[in-house]
Amino acid sequence: MSASLPPGYSPAAHPLTPDDHSGWAVIASSVGLLFVLLFASIRLWIRNPARPVLYADDIALFAATALATIQSILIIAASDHGLGQSSKLLGDASHGSADKILYASDAFFLAALFASKLSMLLLELRMSPEKWHMMLAKVGLGLCGAAMAASIVMTLVGCGGSPWLQISNECESLYNRWVAVFCLDVAVELYIYAVILRMLISLQRDTTKKLKAITMFSLRLPVIIFAAMRLRQLSMFRNSTDPLFDSVPVIVWTQTELAYSLAAATIPILMPFLIGLNTGMGMYIGENTIMRTQNDSSMNKGSGYGMHSIKRTHASRNSQSGDQIRGDNVMYKSSVISPQADQRSVGSDDSTRVIIRKTVDVSFSPTPYDVNGK
């Protein structure tokens, strides 16, 4: 194969052949990692990287992104040590190295997966100050943390003196443990959705906006589908006689679930109509108001906002008709002025107080009164 390549070209690092499927694992990990980093960058951009204001849910998501990055790198490294290759292409040393790397990647996968769920619960905690909502969100945080710890322990304990072996004849209970992890995963996801659904249904807002918000949070539910597909592949894999070669579909669904879970944690803050659904606990209204003010106002030096010149003049003349009680022609003029030349509100005093000067000019023009009504 290499002899037919033009000069200066080398064979692919992970070619797709009947005996080598490592390329699929590398592609799934690379695309998933790019997907995760893209949404993390979008979230950071929303928070303004020049003056970042990070909340607890942002920190949790960035921690999950870091864990997912390490997990993806481990999968790629395992591909270099035999993941996806048939046993007849591997030696015993490569087989053991790949198993150990995959064993470590499982821990980072579970930590990143449940950290994304913690980010969602922390976001919900900031969305409303209502007593029951806050209590449910805090309970969810505790349950999610406990589920994370239990899942990591169940999958890392292993069997015998080689816990990294992933085949059923070495550890028959390993698949049952992954079933338990799947149940915890789905339970936490449904709990997250139930908490936000309860808040949105009881919220006195426009029905259309509430339906949009419910639809937006429903975009996280496909995580359950991806988890189910991963479990299905694990069920087919548990009786494998060539575990590294047959584990590639499991890896593909693992990376899909992880990447989508982290991306779905950022989706809620992308929708502007969340501003109207905020009940006062979070900072969406204030943040977006400031952002619009910064974009729409003319900025002066310092931290103040310059005022445009505003002048309104209203003049009317009271013209008398018929019999006059008083023969005065009255004309009045009022104006509201914010002089642009006088910048003491921002430039001189470095003050952001709004200064409005109101002047009212009233003039009377007497008209000679004719006793005969003329």
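FYI, it's all coordinate maths here, none of it is from the lab. In this text the structure is predicted, and so the values were computed from the model without any measurement.
See the values below:
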{"quantity": "Gain on full stretching of the segment that runs from Cys183 to Thr17 - 0.36 nm per residue minus C-alpha separation", "calculated": "56.2 nm"}
{"quantity": "Hz values of 3J(HN,Hα) by residue in the range 67-76 - Karplus curve (6.51, -1.76, 1.60), Gly and Pro given as x", "calculated": "5, 5, 4, 4, 4, 5, 5, 5, 5, 5"}
{"quantity": "Three-way shape call for the range 34-151 based on the alpha-carbon gyration tensor, with the a/c threshold at 1.5", "calculated": "oblate"}
{"quantity": "Inter-part distance where the range 118-153 and the range 184-235 are each reduced to a Cα centre, Å", "calculated": "14 Å"}
{"quantity": "Segment Leu37-Lys209, extension gain: residue separation times 0.36 nm, minus the distance between their alpha carbons", "calculated": "59.0 nm"}
